[in-house]
Structure formats: C-alpha cells, structure tokens
Amino acid sequence: MNTGFDRRRLPIGVFDSGVGGLTVLNELRRLLPQESLIYLGDTARVPYGTKSSLSVTRYAEQAARLLIERQVKLLVIACNTASAVAVEPLTLRFPGVPVVGVIEPGARACCAETRSGHVGVIATESTVNNLAYQKAILAQRPDIRIRAQGCSLFVSLAEEGWHDGELVEQIVARCMAPLLDEAEGDAGIDTLVLGCTHFPALKGAIARVVGEGVRLVDSAVTTSKVVREHLIERGLDRPESETGHVSFLVTDGPERFARVASYFFDEQVNAAQVELVDLQHFATA
C-alpha cells in the first residue's frame, strides 16, 4: 500500500494587497473546482501601488512565507504591483514552489488576441508608470503598439459595488477617453488588457464603452489557465472527481473584507470564515 505524501492534494496559495485578487480566486474556483485554495489579503498595508518596489517585494516575501508554512503547492501573486517586482525574487527564494504572477499571462493573451497589433492597457497609475505590461508585451512581440492609461478610480468603483449603470459607464468613458481617442491615420486599439485585478468587476461597463470591435483580456481568466498548465506539467493537479475548499486570511478588517468580497467572489464569505493573521512574524532576517 502506498502511504506516501500526495502533494496533489495540497492547496494553492493566492495573495494580494487586498480584495482585488478575489477576481483571480474566482476564476481559479471556476476552472479548478477540485483544488483547495488559500487566499491572503494584506489589508493592513493596502494599497501596494503607493509603496516602493523594495517594500512591495518584502511584503510579498512575508505573504509567501506564511502561505508556504500552510503547505501550498503553488503560489499565485494576484496583484499587478507585486507581480511586477516579486515573481523572480520569490522564485529564487522558494525554488520548490512554482510562482505565477498576473502580468505575464495577461501579456501572453494580449499578444495572441490582437490582429492589428495595436493594443491598450488600463491599470492603476503605478502599474502604468512602471511599464510592467508594456515590457512584458513587447518582450513577446516587439511589433505591437501600446497605449496605456491609468484608471485608478475604477478600483474605488469596484470596491463600492458600483459595477454597472449609466453613471458608471459615464465615468468609465471619461477615464478611458485618452486611450480611445483616434489620432489621424490611427485605426485605434483592437485589444484591451484589464491590467488591475479589480477591473474585471467592471468588465460589462468597460465592454460597452470600448465597443464590440475591441477584445478584452481579463488577467484573472488568463492567470487561472496558466496555473492549470503549471499544475498539469508538474503532476500537481488534483483529481477532478474531488472537491476543493477555500480559506481566507487577512491582516486587518475581516468584517469589511467579508462584506466587499461579494463584489468580486461568487461564493458567500462570512466574517467568521476569515482568519486574522500577522505577517510581521514572517519578516525576513
């Protein structure tokens, strides 16, 4: 009888600075219902976008240490800001655990989707300014022309549950106007990357503003597909006949987290399900 330890049944660890990464968790839950998931929201230090790269990398390492202590088989950085700086450091520091960020999958999907080679990226100002998506896209297809627009206001709309309606569409249109203005002789973008994990909550409004001719790339969807690829390649995928469960950890405000979670995650989250943790215990020496 085989009594060996079966790594396939270990959970997947997912972390973000707050609640936006729940869109990634939601897609993982849809695509891989047999997998158990642990979600960590560093709500005490949100947002990461205003912090230095050094600080964000340190926070990411603390989050990873906590999740690895909980015996996860794969790490998902469900945060664009952290993905931009922490994928390589975490891969080097924790070589036994695969690390997946949200930027590379989004860039890969963007390159595959575009037909005209003219694409747009919407994200927070921080992600736009550090050129994370631009670099990832051009590394795969140097011929692509990219327009990027900061739309940080979308984060507030998403967290307040303002996802649809005429007013929301007006705000979306106003914020995206510079991206969608067509210069003389410029046919405009044909693909748009939702470069913030909050933005899929506004996908309906964004789609109506950009029109049917523009394909949306949802980094939450593309990341979940990459996670599945990693699991299958490494023989870590859990049997599809099984059913996984979801655990929630936060560093502050379990009640608010549970309330806002309903805007991003299809399953109900009760505050009693949310465990409060202290990442300072996982600070690196």
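The values are calculated or read from the model by the stated rules, or taken from the named source; none is laboratory data. Please read all numbers here as calculations on a predicted model, not as lab measurements. Cβ sites come from the backbone with ideal geometry, for glycine too, and all protein chains shown count toward neighbours. The accessibility values were calculated without ligands, DNA or RNA, using every heavy atom of the protein model including side chains. Shrake-Rupley method; radii C 1.70, N 1.55, O 1.52, S 1.80 Å.
So, in the stretch 205-217, of the ones that are touching an Asp or Glu at 6+ places or on another chain (Cβ under 7 Å) and surrounded by fewer than 16 Cβ atoms within 10 Å (Cβ to Cβ), which residue ends up farthest from Cys151 (Cα to Cα)?
Residue satisfying both the conditions and the ranking: Gly213.
Restricting the search to the stretch 116-129, which residues are without any contact (Cβ under 8 Å) to a residue 60 or more places away in the chain and open to solvent by 30 Å² or more (accessible area, probe 1.4 Å)?
Within the stretch 116-129, Asn129 is the sole residue that qualifies.
Rundown of residues vs (1) outside the structural domain of Leu202 (by TED's automatic domain parsing); (2) open to solvent by 40 Å² or more (accessible area, probe 1.4 Å); (3) assigned to a loop (DSSP other than H, G, I, E, B), yes/no style:
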| site | (1), (2), (3) |
| --- | --- |
| Arg238 | yes, no, yes |
| Ser241 | yes, yes, yes |
| Phe248 | yes, no, no |
| Arg256 | yes, yes, no |
| Asp266 | yes, yes, yes |
| Glu275 | yes, yes, no |
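Report yes if Val260 is assigned by TED's automatic domain parsing to the domain that holds Gly18 and either open to solvent by 50 Å² or more (accessible area, probe 1.4 Å) or in a loop (DSSP other than H, G, I, E, B) (or both), otherwise no.
For Val260, the condition - assigned by TED's automatic domain parsing to the domain that holds Gly18 and either open to solvent by 50 Å² or more (accessible area, probe 1.4 Å) or in a loop (DSSP other than H, G, I, E, B) (or both) - is not met.
Here are Pro105, Pro142: which of them is in contact with a helix residue (DSSP H, G or I) (Cβ under 6 Å, 6 or more places away or on another chain) and either open to solvent by less than 40 Å² (accessible area, probe 1.4 Å) or modelled with pLDDT of 95 or more (or both)?
On inspection, the qualifying residue turns out to be Pro105.
Between a first residue in the stretch 73-84 that is free of Cβ contacts under 8 Å to residues at least 60 places away in the same chain and a second residue that is crowded, with 24+ Cβ neighbours inside 10 Å, which pairs have beta carbons less than 6 Å apart while being 6 or more apart in sequence or on different chains?
Sorted first by the residue in the stretch 73-84, then by its partner, the pairs are Ser83/Ile77; Ser83/Gly101; Ser83/Val102; Ser83/Ile103; Ala84/Ala132.
Evaluate the stretch 141-148: report whether one residue or more is closer than 23 Å to Tyr48 by Cα and touching a strand residue (DSSP E or B) at 6+ places or on another chain (Cβ under 6 Å).
yes
Consider Thr222 carefully, then state whether it is among the polar types (S, T, N, Q) and either open to solvent by 70 Å² or more (accessible area, probe 1.4 Å) or at pLDDT 95 or above (or both).
no
Residue by residue, here is whether (1) part of a helix (DSSP H, G or I); (2) open to solvent by 50 Å² or more (accessible area, probe 1.4 Å); (3) out of contact with any Asp or Glu (no Cβ under 8 Å at 6 or more places or on another chain); (4) closer than 29 Å to Arg228 by Cα holds:
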position: Gly96; (1), (2), (3), (4): no, yes, yes, yes
position: Ala109; (1), (2), (3), (4): yes, no, yes, yes
position: Ser156; (1), (2), (3), (4): yes, yes, yes, no
position: Ala201; (1), (2), (3), (4): yes, no, yes, yes
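Within the bounds of the stretch 49-67, is there any residue that is in contact (Cβ under 8 Å) with a residue 40 or more places away in the chain, closer than 24 Å to Glu233 by Cα and buried (at least 24 other Cβ atoms within 10 Å of the Cβ)?
Yes, the stretch 49-67 has at least one match.
Since Leu216 meets every condition but one in (1) closer than 30 Å to Gly13 by Cα; (2) outside any strand (DSSP E or B), which condition does it not meet?
(2)
Search the stretch 228-241 for residues that are among the small types (Gly, Ala, Ser) and pair each with any residue that is open to solvent by 60 Å² or more (accessible area, probe 1.4 Å) and in a helix (DSSP H, G or I) when their beta-carbon atoms are under 8 Å apart and the residues are at least 6 apart or on different chains.
Gly235/Arg8
Can you name every residue in the stretch 242-274 that is in contact with a Pro (Cβ under 8 Å, 6 or more places away or on another chain) and without any contact (Cβ under 8 Å) to a residue 60 or more places away in the chain?
Hits for the stretch 242-274 are Ala271, Val274.
Can you pull out every residue in the stretch 86-100 that is touching a helix residue (DSSP H, G or I) at 6+ places or on another chain (Cβ under 8 Å) and either touching a residue at least 40 places away in the same chain (Cβ under 8 Å) or farther than 16 Å from Tyr133 by Cα (or both)?
Pro89, Leu90, Arg93, Phe94, Val97, Pro98, Val99, Val100
For the stretch 44-67, how many residues are touching a Gly at 6+ places or on another chain (Cβ under 7 Å) and modelled with pLDDT of 95 or more?
1
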